[in-house]
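Please treat every number below as a calculation from the coordinates, not as lab data. Note that the structure is a prediction, hence the values are computed from the model and not measured. Every residue, glycine as well, gets a Cβ built from its backbone with ideal geometry; the counts of neighbours run over all protein chains shown.
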Amino acid sequence: MLCQLCGQREATVHFKEVINGVTRELHLCEVCAEKEGFLSKSFPLPDFSLPSLITGLTEFDTVLPKKEKKCPGCGLSYTQIEKKGKMGCSLCYQTFEEYISPLLEKIHGRVLHRGKVPRRGKMRSKIERQLYQLRQELDKAVKKEEYERAAKLRDKIKKLQKDENFPTTN
């Protein structure tokens, strides 16, 4: 579609206005749009990037410490991640877990990723889920100082790993 003002360049800015039920549309090239003031700082175009939408939807309601820590891997702070809407590296998830876990739960409904699993990997992923759940229970038991229960859970994890030839993690 050509620009409605100059008729020479391709229209890249599309403006639609509805006032009292009357619709007015303008299709302009960047040059004419700038001349008409549609691309000036007084008429900013909204930012519809995915990070900005997620940031706006989730309403970060975490309380940040006075001196913000930085990720040891990439050096980003949580405020920078919040602005970008992206992690800098895999260590960011561990470094800012206390802020990110509630956020992921808010967005996805859970912290554990549940994507599609290839048919041949279903059995292994089922065991991985069991191991994950047992480790979560183990962490809770240790935090509550329920050491007998924690020992039983630890033994269950070791047995499951041994039976299924899973690599052990300490």
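Amide H neighbours of L2 under 5 Å, at least 5 residues apart or on other chains, H built in the peptide plane: list them.
Amide H to amide H, under 5 Å and 5 or more residues apart or across chains, L2 pairs with A11.
Multiply the residue gap between Q136 and C6 by 0.36 nm, knock off their C-alpha separation, and tell me the result in nm, one decimal place. All intermediate terms of the calculation are to be shown ahead of the outcome.
Working: separation 130, 0.36 × 130 = 46.80 nm, distance 6.46 nm.
My answer for the length gained is 40.3 nm.
Sort F38, F15 so the one with the fewest other Cβ atoms within 10 Å of its own Cβ comes first. Kindly include the intermediate steps, with their values, before the conclusion.
Details: F38 17, F15 13.
So the ranking, lowest neighbour count to highest, is F15, F38.
Given points 7 Å out from each Cα along the Cα-Cβ axis, report the K83 to A151 separation in nanometres with one decimal.
Roughly 5.2 nm, to one decimal.
Run the simple label-point estimate for V111 and D163 please: 7 Å along Cα→C-beta, distance reported in nm.
Reported label-point gap for V111 and D163 is 2.6 nm.
What order do you get for 27-33, 6-12 when each peptide is scored by the mean count of other beta carbon atoms within 10 Å, highest first?
Numbers: 27-33: 19.6, 6-12: 12.7.
My ranking of the peptides, most packed first, is 27-33, 6-12.
Return E68, E137 ranked ascending by Cβ neighbour count within 10 Å, so the fewest neighbours appear first.
Working: E68 11, E137 17.
Ranked by crowding around the Cβ, least crowded first: E68, E137.
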